[in-house]
1. What residue, of E98, E87, is over 26 Å from R253 (Cα atoms) and acidic (D, E)?
2. Within the bounds of region 219-239, is there any residue that is under 20 Å from the mean Cα position of the chain (by Cα) and modelled with pLDDT of 95 or more?
3. Scan region 209-240 residue by residue and report those that are surrounded by fewer than 16 Cβ atoms within 10 Å (Cβ to Cβ) and among the basic types (K, R).
4. Look at region 138-188 and say how many of its residues are polar (S, T, N, Q) and free of Cβ contacts under 8 Å to residues at least 12 places away in the same chain.
5. Can you name the residue in region 242-256 that is within 13 Å of Y212 (Cβ to Cβ) and modelled with pLDDT of 95 or more and is also surrounded by the fewest Cβ atoms within 10 Å (Cβ to Cβ) among such residues?
6. Taking region 226-249, which residues are among the aromatic types (F, W, Y) and in contact (Cβ under 8 Å) with a residue 60 or more places away in the chain?
7. Is region 195-211 home to any residue that is at positive phi and modelled with pLDDT of 95 or more?
8. Within region 50-91, take every residue that is modelled with pLDDT under 95 and of a type in the set (S, T, N, Q) and give me the one that is farthest from the chain's Cα centre (by Cα).
Amino acid sequence: MDTMKPTSGPDSISTQPNAERRSFMWKMGAALSAVVATAAACTSKREAELKEQVERMSNQLGMLEDTNAIRKLHHAYGYYLDKCVYEEVVSLFADDGEAHFNGGIYIGKDKGVRRLYIDNFSQNFTGKKNGPIYGFLLDHMQLQDIVDVAPDRKTAKARFRCFMQAGANVLSKSGEAAVKQGRPPMQWWEGGIYENEYVREGNVWKIKVLDYRAIWHADYAKGWAYTKPNYVPPASKTFPEDPLGPDRLLPKRVLWPDTDVVPFHYPHPVTGELWKG
């Protein structure tokens, strides 16, 4: 008797749909897994792109806030200087800050910078008073600012134009003294350029290097047409030989009627080239 099982018949037919069903389900599962994986990958990529975009926009917003903070810092400097509140001026500097002024470098907030504003300006202009005095005019207009913040937002550079009107009223102490000596009270025009550096300490921007370069001076009555060369002599001696002098002397700088260009800290906005003179 043949004991082999039949290769066809009701039993074999009934197993085919189950096999096909299992194969179909496996293929569908694999397809769905691929779709899910692809969707997950797309989602992950999109999330990364969105995160990068948010970080970029956040950094751009931060740099705009930095720019406004630096602009406010320097404009505040001008307002404080106008009213001879020199203590407030000094407090705008970083501890290792510097002031470059009239041919000299004054180093350190509590040393050189203080020597310039408190010992020199305050002593000579206001009789050591921290604030304005009767009959003394000193207006510094800060204009045409260009501020550039470093990509890491820790430092910045800025260029400002300064236009100043200064002098004493004939009824002020210095005005009366001048009249007694047979000369008119002091009064002059002045224009210059700031090319400054700033540093952020924590969330506060401070002056790192205040570099003021006077471009021209002019007697108020006669104007710039009659300005004599070396109208305001630059510093020639350093501290302590000169008790009010700078810590270091700067190379000679050009002053009207000689002309020059104060180097720009920023590249040309169209060509991208840095002016070299």
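1. E87
2. Checked region 219-239: no residue is under 20 Å from the mean Cα position of the chain (by Cα) and modelled with pLDDT of 95 or more.
3. K222, K228, K237
4. Of the residues in that region, 1 qualify.
5. L250
6. Of everything in region 226-249, just one residue is among the aromatic types (F, W, Y) and in contact (Cβ under 8 Å) with a residue 60 or more places away in the chain, namely F239.
7. No, that holds for no residue.
8. Q53
The values are calculated or read from the model by the stated rules, or taken from the named source; none is laboratory data. Everything numeric here is computed off the predicted structure, so don't read it as measured data. Glycine gets a Cβ as well: all are built from the backbone with ideal geometry, and neighbour counts include every protein chain shown.
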